[in-house]
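Report on the following structure.
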Amino acid sequence: MANELLIYTQKTTPRVSYIFKHIFIRILNIPIKFTSIVEEFVAHDDLKMSYGKSPLGNEFFIQSHGLLFEQEINDVEINISQWDSSPCFFGTGKKSNLPFDIFSASFYLLSRYEEYLPCMLDENDCFPAEESLAFKHNFLDKPVIDIWSYKLLKSLKEKYPEYKHKPNTYEYISTFSVNQTFLFKGKGIIRTIVSSIYDLFTFKLYSVWSRLTTLLSLKKDPYDTFAKIIELQDKYSVKTLFFFLLSNYTTYDNNITHTRRIYHQLIKSISDYARVGLLYSYFTMDDEERLIKETSRLEKIINTPTKLSRQHYGRNKLPDTYHKLIDLDIQEDYTMGYPKHLGFKASTCTPFYFYDLNFEFQAPLKIYPYAFNDTSLRFEMQLSPKQALMKINHLVNLVKQVNGTLISVFHNDSLSNFEEWKYWGDFYEDVLKCAKS
């Protein structure tokens with residue numbers, strides 16, 4: 001194969017295969033081949049590199065840290081240093097063409113190694129951003145694995161100046177989590193009466209009036225922004241995914257009931273224009289029976305197997321949650337990100353496969369990491385739409401520089417321009433203009 005990179009390593013472990021494929025094939029679009037035969041490697045007179053403790057000759061060489069040749073989970077010592085303007089760790093010796101073993105460092109971040117180690121969990125019993133290496137060392141907002149990969153490419157091209165590289169292309173994926181389909185419609189008599197009384201006693205007279213006009217069909221429900229989303233999808237040619245909550249009512253999951261005909265009609269209608277997945281409810285992280293029930297509900301509505309998933313509140317316990325999704329034949333998960341923070345939880349802006357550290361193999365579940373969500377911008381960071389757009393513009397530029405995939409999380413109510421989302425009605429379109437320019 002033309003321009004195939006031959007990689008020599010004494011042993012091609014599952015960890016080596018996994019991370020080299022992510023960096024060279026998925027990020028850099030460079031086909032690779034492994035060999036442990038010295039004679040084959042020496043005879044190869046084209047693009048090649050070795051990875052190990054010492055070089056074989058004067059080939060492009062990166063010294064290994066050792067993590068990729070281990071099989072257990074250990075408390076790894078990490079010291080962060082700077083590589084030009086990028087943070088990095090797992091330093092190498094003078095013979096190495098790179099000052100760091102970016103393959104071991106990338107594996108540590110991508111496999112979510114740190115989530116398997118003991119730590120303090122957050123209020124949702126999940127791994128918190130504050131415990132992460134990226135947060136502690138201020139690189140959460142950078143897709144450092146992709147940045148390192150392009151630094152590697154630059155060094156490789158200096159060694160092989162005749163090599164012609166064809167990069168991947170930047171992509172933007174817009175996703176919507178639908179956990180409040182409507183604000184007033186379909187809530188049932190008791191919930192409607194209780195909410196109306198509460199609004200009256202708290203003097204939310206505009207809400208009382210809006211609820212009345214919506215229920216009398218004089219006005220569209222404020223959160224019913226789906227036609228607008230589809231219209232913008234067509235206008236900007238943006239790939240859009242919808243994740244619908246189909247759980248029983250709980251404190252954390254208080255959408256309209258999953259049995260409502262109006263809800264089923266909406267989901268079927270949306271599935272004609274965009275891909276549809278399941279927003280698993282809060283308690284499915286510890287309750288496999290709920291997980292199976294909710295999966296079945298969506299499959300009955302859209303008459304097709306459920307392949308896409310996201311966890312409500314970002315509740316994801318590694319590796320248990322992913323094991324359950326794999327058992328249900330879920331192919332793509334869009335939970336990877338911190339609900340209260342912008343940035344790259346797995347330090348990459350390129351979709352990747354889940355690596356199971358317990359069983360040491362690459363699982364058939366593809367992870368799509370998101371970079372930002374509307375609620376963190378609005379409520380956690382307390383930004384104005386203009387300030388939020390500046391943050392997003394920064395992320396867009398970073399992802400474009402490494403030809404990655406930018407993924408956002410929005411909610412249908414953020415387009416409503418109603419109450420807490422007042423002045424944010426045009427924000428989504430502004431993001432599309434920025435991300436698609």
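Among Val178, Val38, Val238, the largest mean-square fluctuation in a Gaussian network model of the chain (Cα springs under 10 Å) belongs to Val38. Legend: residue pairs Lys53/Lys154; Lys151/Lys391; Lys239/Lys433; Lys220/Lys340; Lys204/Lys340; Lys239/Lys324, Cα-Cα distance threshold 19 Å; pairs beyond threshold, Lys53/Lys154; Lys151/Lys391; Lys220/Lys340; Lys204/Lys340; Lys239/Lys324. With a cut-off of 15 Å between beta carbons, the residues surrounding Ile197 carry a summed charge of +3, where Lys and Arg count +1 and Asp and Glu -1. Of the trypsin sites (Lys or Arg not before Pro) in the range 382-437, the ones in a loop by DSSP (not H, G, I, E or B) with at most 13 other beta carbons within 10 Å are Lys422.
With a cut-off of 11 Å between beta carbons, the residues surrounding Glu360 carry a summed charge of -2, where Lys and Arg count +1 and Asp and Glu -1. Its relative contact order, with pairs defined as Cα atoms under 8 Å and 6+ residues apart, puts the range 1-138 at 19 percent.
Each Lys or Arg adds one and each Asp or Glu subtracts one; over the other residues with Cβ under 11 Å from the Cβ of Ser416, this totals -2.
Couplings for the range 232-243, taken from phi via the Karplus curve 6.51 cos²θ - 1.76 cosθ + 1.60 with θ = phi - 60°, read 6, 4, 6, 4, 10, 6, 9, 6, 10, 10, 10, 10 Hz in order; Gly and Pro are left as x.
Under the combined filter of DSSP loop state and at most 11 neighbouring Cβ atoms within 10 Å, the range 1-109 retains these GluC sites (Glu not before Pro): Glu72, Glu77. Taking the Cβ-Cβ separation of Lys157 and Thr35 as r and a Förster radius of 22 Å, what is the calculated FRET efficiency to the nearest 0.05? Once rounded, the FRET efficiency stands at 0.50. Farthest toward the positive end of the dipole of the range 171-310, out of Tyr252, Ile262, Tyr236, is the Cα of Ile262, where the dipole comes from beta carbon charges about the Cα centre. Each Lys and Arg contributes +1 and each Asp and Glu -1, all at the Cβ; summed about the Cα centre of the chain, the dipole is approximately 1340 debye. Note on the range 3-93: antiparallel DSSP beta bridges, both residues inside, total approximately 20 percent of the bridges counted.
Highest GNM mean-square fluctuation among Gly57, Gly66, Gly93, for the chain modelled with Cα contacts below 10 Å: Gly57.
Taking every DSSP beta bridge that has both ends in the chain, the antiparallel portion is near 20%.
Placing a pseudo-label 7 Å from each Cα along the Cα-to-Cβ vector at Arg275 and Lys300 gives an inter-label distance of 2.6 nm. Using a Förster distance of 41 angstrom, determine the FRET efficiency expected from the C-beta separation of Ser237 and Met120, and round it to 0.05. Once rounded, the FRET efficiency stands at 0.40. Here the 3J(HN,Hα) profile of the range 43-48, calculated from phi with Karplus coefficients 6.51, -1.76 and 1.60 at θ = phi - 60°, is 6, 6, 10, 10, 4, 7 Hz, Gly and Pro shown as x.
Think of the range 161-251 as having a plus end and a minus end, set by charges on the Cβ of Lys, Arg, Asp and Glu; of Pro167, Leu183, Tyr206, Tyr206 sits farthest toward the positive end of this dipole. Applying 1/(1 + (r/R0)^6) with R0 = 35 Å to the Cβ-Cβ distance of Tyr206 and Ile78 gives a FRET efficiency near 0.10. Loop-located chymotrypsin sites (Phe, Trp or Tyr not before Pro) in the range 130-232 (DSSP state not H, G, I, E or B) with no more than 12 neighbouring Cβ atoms inside 10 Å: Phe203.
Under a 10 Å cutoff between Cα atoms, tell me which one of Met120, Met381, Met285 has the largest fluctuation in the Gaussian network model of the chain. Per the Cα network of the chain with a 10 Å cutoff, Met120 tops the list. Taking 16 Å as the straight-line reach from the Cα of Lys345, the lysines in range (excluding those fewer than 8 positions away in the same chain) are Lys136, Lys142, Lys317, Lys366. A Cβ-based charge dipole, computed about the Cα centre of the range 273-421 with Lys and Arg at +1 and Asp and Glu at -1, lands at about 520 debye.
The residue among His323, Cys349, Met390 whose Cα reaches farthest toward the positive pole of the charge dipole of the range 256-390, with charges on the beta-carbon of Lys, Arg, Asp and Glu, is Met390.
FYI, it's all coordinate maths here, none of it is from the lab. For clarity, every value in this text was computed on a predicted model and none was experimentally measured. Cβ sites come from the backbone with ideal geometry, for glycine too, and all protein chains shown count toward neighbours.
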